[in-house]
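First the structure, in the form of structure tokens, and then the observations on it.
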Amino acid sequence: MATQAQAVRMALHYGEENLGVTDIFGEDVGAPLGGVFTCTQGLKTAWNAPLDERGIIGTALGIAYAGGRAVAEIQFCDYIFNCIDLLKLCGNVHWSSAGAYCVPLTVMTPVGAGIHGSMYHSHSFESMMTHVQGWKVVMPSNPLDTYGMLIAAMKEPNPVMVLLPKALMRTKGEEPIPGEPDDEKELNARINAPVGVDRTNWRPRWPDGLTDYTVPFGVARVRREGRNATVVSYGRHLNLCVQAADELSAEGLTFDVIDLRTLYPFDLPTVKASVEKTGRLLVVNEDTEVTNFGEHVLRRAIDEAFYSLEVPPRLLAGLDVPGVGLAWGYEQYSVPQAADVKAAMRAMATATT
Amino acid sequence: MAPSDDTAPADARTWGEPVTDALKLRLHDAMVQARLIEETMIRMMRTGHGYFWIGGPGEEAWGVPLGLLVHKGTGPAHDFLHLHYRSSAIVLAMGAQPIDLLRQMRSTVTDPYSMGRNFVNHFAIRHWNIVPVTPTIETQYVSAPGTAWVQRRFGGIGVSIVNGGDAGTAEGDFASCLNWSTRPGQELPVLILIAQNNWGISTPAHQVQSSADLAQRAGGYGIPHRVVDGNDPIATYEALREALAWCRYERKPFCLQGNVARLYGHSSSSGALRHEEPDCVATFEARLVRESTLTEATARAVWDRWQTHIHAALEQVKTEPMPEREHVMLHVLAPAGSQN
Ligand SMILES: Cc1ncc(C[n+]2csc(CCOP(=O)(O)OP(=O)(O)O)c2C)c(N)n1
């Protein structure tokens, strides 16, 4: 099975061959490295940008203005904060120009903790990004969705922010990407750049059968079905929720585990229907808890399904601290861990009315 | 990509027509038009026909020559313009309709640039590659390398032209523009303009910048650069003609600074009062009369003709509708299939 990084690579390859992608660029995105997480190895339109995040977003906007289609990478979302006004601009161009211009542009950036990344390789970005209007914002939890949402992004006339959980970059999926070779070794041999040798003459041998497999925006996926509570998550923590649901079934507790996949626009009907069924809602993510995107999900659920709720809905999120510290304890005690997720799900399912 | 609305390009090396009496008269005519529209908009603000004014009176000699030299059209074969809020003379000299500026000034729903959403002089004209003017200072300098990158790949003679003020060059985006335009072997056809009026709202340039010659910074990146008297439309025209020919033919950047006047202060927030600064329209007109290119009577006629035209446009704009509730959510997201 392909990893998330390989899924990105294959989707971008499909995009530059079939979807009009003209430029894939960012810091260390071109040869020889192909991205610090290897997401852009072997791509024919990939190039190395100057170390200048504002330059990257601004240039990508200009490429869109001129009829090109860029996929720009910000190496880590921890370094995107100086671009907020440019992201705002990308998102308001269509509205402020009364529809004259659009901004077909994909930005991808690794997010979240889980790799001992310390203060500046651990930030989350979804709460800020979903506050920037005019963008679609997605965060996949597995390689197949990563592929399908990138394909959707590269077809969009609007800017799309693809948040890639960095702890999942090397994680393999459970479902194959249509067209990927059955044999994992073959896939690696075909599309992984060789390590420790000169790559100058290396060229990938892309799988022949890659497809237009598209995950439409705004459509969640119910990953587990159950009766006792609804759990809404995305990205890395979605997997922790699925794992906890499987474990808690031994205690007789079952859950609807909803992978939002798209955060803006998010799939309210699916969340609402599930809350109406279970009467209980827990939202889980790793961003800091104040003005957290999960609070928005809670508010919409309360607006739409208040009288279905049996107990107060809850958010399990990161502590409100300036960063994720490097030492084990800092991450362990500030970012929700598997045990925290399981405990919060059990508590939600068993809370008395 | 939509087809161009322009004719076949001329030779890049001799871009633009030479200065003749006929050209001088065109420059004068367009400068008068731009001045009168800005003064009309200041009056509109004072008489309750607009909330806020910001614009370019005093920069006509800087803007009009560029407007006449632009390779106008749609897509990378033509010039892209990344402008700021003092660029009315450029856009009017390109042929924008005065009434459309007045519409944006009054925030009518008929404002073709923003549907009454943005301040005046915030243009967005896709069929001429005028990308949306941003209220954020200097961000236009980071989008310009993007359009130029596409133009470089496309070939042809299209240039990305970026214009802004002096104070804004302190932003990192200005340096980004210089750097992204000069990656070795990947140089970009960007005409980097600086309108030096010696002010950033209330802060004098000498307090915050070590030199009034901002263009020389481009020299550190190997970009040819020069400073021109932006109050002199002929000198500006010649300098722009040369600079544009360089960008078109060499496919490399050029930095040109024009020293200009800020005739009515920063904006209506400082009262939009007339200041004691050089008046490029009056000076140029006097020169043309002195040279007998123009008589005082024909000059008067130019002012009268534009005054009449603008007056009629204003009366029309006063009758036009304002945005209503149903307009608020229009164009938040582009529908599938949209493209530039
Ligand atoms: C990024 C940003 N910071 C601050 C402002 C507020 N502001 C508007 S105009 C201006 C001064 C700009 O001066 P300059 O670049 O010299 O242009 P000028 O107005 O003199 O033509 C400032 C600070 C802004 N619009 N954008």
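The values are calculated or read from the model by the stated rules, or taken from the named source; none is laboratory data. Keep in mind it's a predicted model, so treat the numbers as computed, not measured. Here the Cβ positions follow ideal geometry from the backbone for every residue, glycine too, while neighbour counts run over all protein chains shown. With ligands, DNA and RNA removed, areas are computed over all heavy atoms of the protein, side chains included. Shrake-Rupley method; radii C 1.70, N 1.55, O 1.52, S 1.80 Å.
For beta carbons closer than 7 Å, sequence separation of 6+ or different chains, a first residue in the stretch B:25-41 that is of a type outside the set (Gly, Ala, Ser) and a second that is open to solvent by less than 10 Å² (accessible area, probe 1.4 Å) and not in a helix (DSSP H, G or I), the qualifying pairs are B:Arg35/B:Pro57; B:Glu38/B:Gly55; B:Glu38/B:Gly56; B:Glu38/B:Pro57; B:Glu39/B:Pro57; B:Met41/B:Trp53; B:Met41/B:Gly55; B:Met41/B:Val120.
Is at least one residue of the stretch B:96-105 more than 16 Å from the ligand (Cβ to nearest atom), surrounded by 24 or more Cβ atoms within 10 Å (Cβ to Cβ) and within 14 Å of chain A (Cβ to nearest Cβ)? There is at least one residue in the stretch B:96-105 that is more than 16 Å from the ligand (Cβ to nearest atom), surrounded by 24 or more Cβ atoms within 10 Å (Cβ to Cβ) and within 14 Å of chain A (Cβ to nearest Cβ). For the stretch B:126-139, the candidate set comprises residues that are open to solvent by less than 10 Å² (accessible area, probe 1.4 Å) and on the phi < 0 side of the Ramachandran plot; within that set, the residue that is nearest to the ligand (Cβ to nearest atom) is B:Thr139. Selection of first residues in the stretch A:171-189 that are part of a loop (DSSP other than H, G, I, E, B) and of second residues that are acidic (Asp, Glu), restricted to Cβ pairs under 8 Å at least 6 apart or on distinct chains, gives the following pairs, ordered by first then second residue: A:Pro176/A:Asp182; A:Gly179/A:Asp208.
For B:Ser181, indicate whether it is of a type in the set (S, T, N, Q) and facing chain A (nearest Cβ under 10 Å).
On the way: of a type in the set (S, T, N, Q): yes; facing chain A (nearest Cβ under 10 Å): no.
No: the conditions fail for B:Ser181.
Search the stretch A:52-88 for residues being more than 10 Å from chain B (Cβ to nearest Cβ) and open to solvent by 20 Å² or more (accessible area, probe 1.4 Å), and hand back the single one that is nearest to A:Gly134 (Cα to Cα). That would be A:Ile84. The number of residues in the stretch B:140-173 being within 12 Å of chain A (Cβ to nearest Cβ), buried (at least 24 other Cβ atoms within 10 Å of the Cβ) and within 16 Å of the ligand (Cβ to nearest atom) comes to 7.
For the stretch A:250-263, indicate whether the set of residues that are assigned to a helix (DSSP H, G or I), open to solvent by 30 Å² or more (accessible area, probe 1.4 Å) and under 25 Å from A:Val137 (Cα atoms) is non-empty. Checked against the condition, which is being assigned to a helix (DSSP H, G or I), open to solvent by 30 Å² or more (accessible area, probe 1.4 Å) and under 25 Å from A:Val137 (Cα atoms), the stretch A:250-263 yields no hits at all. For the condition outside any loop (DSSP other than H, G, I, E, B) and over 24 Å from B:Val162 (Cβ atoms), what is the one hit in B:Ser292, B:Ser269? Of the residues listed, the single one that is outside any loop (DSSP other than H, G, I, E, B) and over 24 Å from B:Val162 (Cβ atoms) is B:Ser269.
Scan the stretch B:304-320 and give yes if some residue there is outside any helix (DSSP H, G or I) and either within 14 Å of another protein chain (Cβ to nearest Cβ) or within 23 Å of B:Arg103 (Cβ to Cβ) (or both), otherwise no. Lay out the reasoning, then the answer.
The first filter runs over the stretch B:304-320 and keeps only residues outside any helix (DSSP H, G or I), leaving B:319-320.
Adding the requirement that they be either within 14 Å of another protein chain (Cβ to nearest Cβ) or within 23 Å of B:Arg103 (Cβ to Cβ) (or both) leaves B:319-320.
Among the residues of the stretch B:304-320, at least one is outside any helix (DSSP H, G or I) and either within 14 Å of another protein chain (Cβ to nearest Cβ) or within 23 Å of B:Arg103 (Cβ to Cβ) (or both), which makes the answer yes.
Identify the residue in the stretch B:63-88 that is within 13 Å of the ligand (Cβ to nearest atom) and open to solvent by less than 10 Å² (accessible area, probe 1.4 Å) and, among all such residues, is nearest to the other protein chains (Cβ to nearest Cβ). Looking at the filtered set, the residue picked out is B:Leu83.
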